[in-house]
Protein chains: 2
Amino acid sequence: MAPAYKLTYFPVKALGEPLRFLMSYGGIEFEDYRFERENWPNLKPNMPFGQVPVLEVNGKLAHQSVAMARYLAKQVKLVGKDDWEDLEIDAIVDTVNDLRHKIALYHYEQDAAIKESRKEPLFKETLPYYLERLDTIAKNNNGHLAVGKLTWADLYFVALLDTMNCYAQMDLTGNYPNLQTVKNNVLSVPAIKAWIEKRPDTEF
Amino acid sequence: MAPAYKLTYFPVKALGEPLRFLMSYGGIEFEDYRFERENWPNLKPNMPFGQVPVLEVNGKLAHQSVAMARYLAKQVKLVGKDDWEDLEIDAIVDTVNDLRHKIALYHYEQDAAIKESRKEPLFKETLPYYLERLDTIAKNNNGHLAVGKLTWADLYFVALLDTMNCYAQMDLTGNYPNLQTVKNNVLSVPAIKAWIEKRPDTEF
C-alpha cells in the first residue's frame with residue numbers, strides 16, 4: 001500500500017504550495033485538507049508550535065514547511081548529486097525564503113504609516129537587489145536556480161511566486177527574463193501543469 | 001591534504017557559532033576569519049546576497065548559515081539515520097531559528113516605544129510558549145532536541161544560546177531543566193569544551 005500523505009493548511013497557496021508542487025511532481029497522492037479560517041483557533045493548539053502547514057505521513061506528523069519540502073524533495077528525487085550540491089540548493093531556498101519574509105513584513109504591516117515607510121526600501125532596493133542576483137544565478141544555471149538542472153529550489157520558488165506577487169502587488173519576474181525561464185521550466189512539467197489545472201482557485 | 005575551510009563573519013558568536021561548533025566537533029581545522037565592523041562596507045558587496053557568515057571549502061564559497069550548518073553536520077556525522085529523522089532535526093533547527101528571529105526582532109528594534117510594546121508579548125507569551133515545548137521535546141528525547149541522540153540540532157541550539165540570552169537579557173534555559181540537560185550534553189563534548197576554552201571572548 002502506498003504511504004498515506006495528508007497536508008493540513010489554510011485554504012491558500014502560500015507555504016503549502018511548495019509541498020503540493022513536490023507531491024504532484026512525484027506522483028504522490030495526498031489529501032489536501034484545507035480548513036476554514038474560522039476553525040483555526042480550534043486547530044492551532046494541536047499544531048506543533050502552533051503553526052501550519054503540517055504533513056502527516058503514515059500517521060506520523062511533521063512540521064516546518066521548508067524542512068517538509070526538503071523531505072519530499074528527497075522522496076521525489078529533486079535533490080543534488082552530493083552534499084555540496086544540496087548545500088547550494090538549500091542556500092537558494094533559504095534566500096527565496098528571506099525574500100518572501102521581507103515582502104510579507106511589508107504586506108502584513110497593520111500600521112499605515114509604518115507600511116508606507118517600508119515601501120520605497122522594499123520596492124527600490126530590496127526587491128531589485130534580490131531579483132537581479134537570482135536572475136543572474138538562473139542565467140548561469142541553465143534556467144534553474146541551482147546546480148544547472150531542475151531541483152526543488154525551482155519548485156519552491158515558483159510555487160511561492162503567486163503568493164509573493166499577490167503580497168507585493170506586482171509580477172516579481174516581470175523584468176527578469178531568466179527568472180521567467182525558471183518559471184516556465186517548472187510550469188511546463190506535465191505533473192505540475194496538471195496540478196495547477198485541478199487545484200482550487202485562490203487569491204494567493 | 002585536508003580540505004581548507006575558512007569561515008568569514010563578524011567578530012561575534014551569533015550565526016557563526018553553530019558552524020564553529022560543528023567544525024570543532026568533527027576535528028575540522030578552519031580559519032576563523034573575524035573582520036572588524038568598520039570593514040563591513042568594503043566586504044558586503046562581495047558577499048552573496050550581501051550577507052555573512054560565508055564558508056569557503058577548498059576555494060568554493062557557500063552562504064546561508066543554516067544550509068552551511070546542515071552541510072557540516074553531514075561531514076561530521078551529526079545527522080539522522082534516514083530521511084524522516086533528518087526532517088525531524090531540520091524542523092527543530094528551523095523552530096530554534098524562528099525563536100531566535102522573534103528575540104532579534106525585539107532586540108534590534110530602534111524605536112523605544114515599539115520595542116516596549118513588544119516586550120510583554122515576547123517575555124510573557126512567545127518565550128514561554130517556545131521554551132516549554134522545546135523542554136518537553138528534550139525530556140522525550142533523552143536530553144536532546146531530536147531523534148533521541150546528539151545531532152546538529154543540539155549543537156545549533158546551544159551555539160546560539162549565548163547570543164539569544166544576550167539579546168533577551170536573561171538565561172532562556174533558567175526554568176527549563178531539560179533544556180539545561182541539552183546544554184550540558186553539548187558543552188561536555190571534549191572537542192566543544194576545547195573550542196569554548198580557546199575561542200575569543202565576545203559579548204554575544
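The values are calculated or read from the model by the stated rules, or taken from the named source; none is laboratory data. Every value quoted in this text rests on a predicted model; they were computed, and no experiment measured them. With ideal geometry, Cβ positions are generated from the backbone for all residues, glycine too; neighbour counts draw on all protein chains shown. Side chains included, ligands, DNA and RNA excluded: accessible areas come from the protein's heavy atoms. Shrake-Rupley method; radii C 1.70, N 1.55, O 1.52, S 1.80 Å.
Numbers below:
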| read-out | value |
| --- | --- |
| Label 7 Å beyond Cα on the Cβ vector: A:Thr136 copy-to-copy distances, nm | 4.7 |
| Most mobile of A:Arg100, A:Arg37, A:Arg70 in a GNM of chain A (Cα contacts under 10 Å) | A:Arg37 |
| Under 15 Å, Cβ to Cβ, from A:Arg34 - net charge with Lys/Arg +1 and Asp/Glu -1 | -2 |
| Helix runs (DSSP H) in chain B reaching 27 Å along axis by Cα, Kyte-Doolittle at least -1.0 | B:83-107 |
| Inter-copy separations for B:Glu125, label at 7 Å along Cα-Cβ, nm, ascending | 3.0 |
| Residue of A:Val66, A:Val57, A:Val76 that the Gaussian network model of chain A assigns the largest fluctuation, springs spanning Cα pairs under 10 Å | A:Val57 |
| Accessible-area ranking of A:Arg133, B:Arg199, largest first, probe 1.4 Å | A:Arg133, B:Arg199 |
| Surface share of carbon and sulfur [accessible, 1.4 angstrom probe, percent] for the stretch A:82-173 | 46 percent |
| Shielded by partner chains, the stretch B:58-75 residues - at least 20 Å² of accessible area, 1.4 Å probe, vs chain alone | B:Lys60, B:Ala62, B:His63, B:Gln64, B:Ala67, B:Arg70, B:Tyr71, B:Lys74 |
| B:Glu120 paired with B:Phe204, simple spin-label distance in nm, labels 7 Å along Cα-to-beta-carbon | 2.4 nm |
| Accessible surface, the protein assembly as shown, averaged per residue in Å² (probe 1.4 Å) | 46 Å² |
| B:Lys81-A:Phe35 pseudo-label distance in nm [points 7 Å out on the Cα-to-Cβ vector] | 3.3 nm |
| Listed pairs A:Lys6/B:Lys119; A:Lys115/A:Lys183; A:Lys81/A:Lys198; A:Lys149/B:Lys44; A:Lys74/A:Lys193; A:Lys77/A:Lys193 exceeding 26 Å between Cα atoms | A:Lys6/B:Lys119; A:Lys115/A:Lys183; A:Lys81/A:Lys198; A:Lys149/B:Lys44 |
| Whole-number percent relative contact order across the stretch B:83-188, with pairs defined as alpha carbons under 8 Å at least 6 apart | 31 percent |
| GNM result for chain B, Cα springs below 10 Å: residue of B:Asn39, B:Asn141, B:Asn165 fluctuating most strongly | B:Asn39 |
| In the B-A interface, the accessible area buried, summed over both sides, Å² (probe 1.4 Å) | 2900 Å² |
| Semi-axes of the equivalent ellipsoid for the stretch B:83-188, Cα gyration tensor, largest first, Å | 26, 14, 12 |
| Computed [θ] at 222 nm, deg cm²/dmol, chain B (DSSP H ≥ 4; -39,500 (n - 2.57); rounded to nearest 500) | -16500 deg cm²/dmol |
| Exposed GluC sites (Glu not before Pro) absent - longest run of chain A, DSSP non-H/G/I/E/B, at most 16 other C-beta within 10 Å | A:110-202 |
| Percentage relative contact order, the stretch B:1-127, counting C-alpha pairs under 8 Å, at least six apart | 23 percent |
